[in-house]
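Enquirer: Have a look at the structure that comes next, please.
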Amino acid sequence: MTANATIELALDRVDWRDLAAHPENLPRVYTPGEVLMPEAGFMRGHGTFVEDETIKASVAGVIEKVNKLISVRPLKSRYVGEIGDVVVARVIEVQQKRWRVDTNSRLDSILLLSSVNLPGGELRRRSAEDEQMMRRYLDEGDLISAEVQNIFEEGTLSLYTRSLKYGKLSQGLLVKVFPALVKRRKMHFHNLPCGASVILGNNGYIWIAPTKAQEQDGGEGGFAQNLNEHVPRNDREVIARLRNCVLALAKCKLMIYDTSIQYAYEESLKYEAHELLQQNAIYDIGEQTQSRLRDSDE
């Protein structure tokens, strides 16, 4: 049995001329234990510690300086939530008057019964009957879109879905990337021209679904699902291609937002969907997308 293998050197994928022309754009990466600066006159922040009267890095990352506060932003980390962030989360436990959900953060997040819409959008106080029907609203394993409402002292996030654009997610595909790669923007719900909708969660969870699934009326208060509805093959192919494009952008360490996803999708049309899993196609799409983004910025 024989198989063809393509071997490429990483050196061949680096544009050394571009790096030499802009040396000031290269960030300085510090390793754990490396000296950042003397302690005198500075305050240490996250990702640092003091030893021998010097501030040292405790994580691998890039230094950030705000006045006299020195911190190190790690290259890879769990999601650190901020109030107003849009997140995609998975319900992992139903508790008393609350759901415990996974948001890819250091601690599990909380979704209170009082922070969700009731079926039909009723506005009233939650009763004991509502508490008994919590599993009919959201059960273990359900995926939801929500917004960060509050952050408790220990770092736990409190979510809410009181808007009809949030709620239970049904037919679609979940893609996980590093949270730092998702660009923070005013809008995180996008209907792409290719015929699919994406929810770009700030926590690194990206939801891809057919556009029509996101345009249904929210008469059920964000709890409606269409799991029995047939999704056409063309829609499934578009979703699979978008999924591979998002993973290609993440592999090339490019920021993920609606424009970059659309550019990557357009550049991927010269390949079959399954060919986007190959390394040469991934780096080709990354280079072409980065070039188009650079041209649009200019």
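Enquirer: Taking the Cα centre of each part, how many Å lie between the range 225-294 and the range 82-111?
Expert: Value for the Cα centre distance between the two parts: 28 Å.
Enquirer: Around Arg98, which amide H atoms from residues at least 5 apart in sequence, or from another chain, sit under 5 Å from its own amide H, with H modelled in the peptide plane?
Expert: Leu113
Enquirer: How large is ³J(HN,Hα), in whole Hz, for each residue of the range 31-40 in order, when computed from phi with the Karplus curve 6.51 cos²θ - 1.76 cosθ + 1.60 and θ = phi - 60°, using x for Gly and Pro?
Expert: 9, x, x, 7, 6, 8, 5, x, 5, 4
Enquirer: While we're on this one: Over all pairs of distinct alpha carbons, what does the Kirkwood formula give as the hydrodynamic radius of the range 59-168, in Å? Display every interim value, and only then the final one.
Expert: Values: mean 1/r = 0.0651 Å⁻¹.
The Cα-based Kirkwood calculation yields 15.4 Å.
Enquirer: Can I ask one more? With θ set to phi - 60°, apply the Karplus curve 6.51 cos²θ - 1.76 cosθ + 1.60 along the range 250-266 and write out the HN-Hα couplings as whole Hz, x wherever there is a Gly or Pro.
Expert: 5, 5, 8, 6, 9, 5, 9, 7, 4, 5, 5, 5, 5, 4, 5, 4, 5
Enquirer: Same structure, new question: Taking H as built 1.01 Å from N, whose amide H comes closer than 5 Å to the amide H of Asp142, not counting residues under 5 places away?
Expert: Those lying under 5 Å, H to H, from Asp142 are Val91.
Enquirer: Go through Thr54, Val35, Val66 and say which Cα lies farthest out towards the positive end of the charge dipole of the range 27-74; charges sit on Cβ, +1 for Lys and Arg, -1 for Asp and Glu.
Expert: In the range 27-74, that residue is Val66.
Enquirer: I would also like to ask the following. For the range 172-187, take each phi angle, set θ = phi - 60°, evaluate the Karplus expression 6.51 cos²θ - 1.76 cosθ + 1.60, and give the result in whole Hz per residue in order, putting x for glycine and proline.
Expert: Those phi angles translate into x, 9, 9, 10, 10, 9, 5, x, 5, 7, 8, 6, 6, 9, 5, 10 Hz.
Enquirer: With respect to the cross-link table entries Lys97/Lys176; Lys186/Lys253; Lys176/Lys251; Lys165/Lys251; Lys76/Lys183, which display a Cα-Cα separation exceeding 19 Å? Could you put the intermediate results ahead of the total?
Expert: Working: Lys97/Lys176 29 Å; Lys186/Lys253 22 Å; Lys176/Lys251 12 Å; Lys165/Lys251 30 Å; Lys76/Lys183 15 Å.
Violating the 19 Å Cα-Cα cut-off are Lys97/Lys176; Lys186/Lys253; Lys165/Lys251.
Enquirer: A further question on this structure: With no solvent and one point on each alpha carbon, what is the Debye value of log10 I(q)/I(0) for the range 27-74 at q = 0.13, 0.16, 0.17, 0.28 Å⁻¹?
Expert: Calculated log10 I(q)/I(0) at the listed q: -0.21, -0.32, -0.37, -1.01.
Enquirer: What residues qualify as long-range amide H neighbours of Tyr79, i.e. H under 5 Å apart, gap of 5 or more or another chain, H built at 1.01 Å from N?
Expert: Ser105, Arg106
Enquirer: Mind checking which lysines have their Cα closer than 17 Å to the Cα of Lys168? Skip sequence neighbours fewer than 8 apart in that chain.
Expert: Answer for Lys168, where 17 Å is the Cα cut-off: Lys212, listed by chain and number.
Computed from the coordinates by the stated procedures, all read-outs in this text should not be read as laboratory data. Note that the coordinates shown come from a computational prediction; the quantities given were computed from them, not determined experimentally. Note that we place each Cβ from the backbone using ideal geometry, even for glycine, and neighbour counts take in every protein chain shown.
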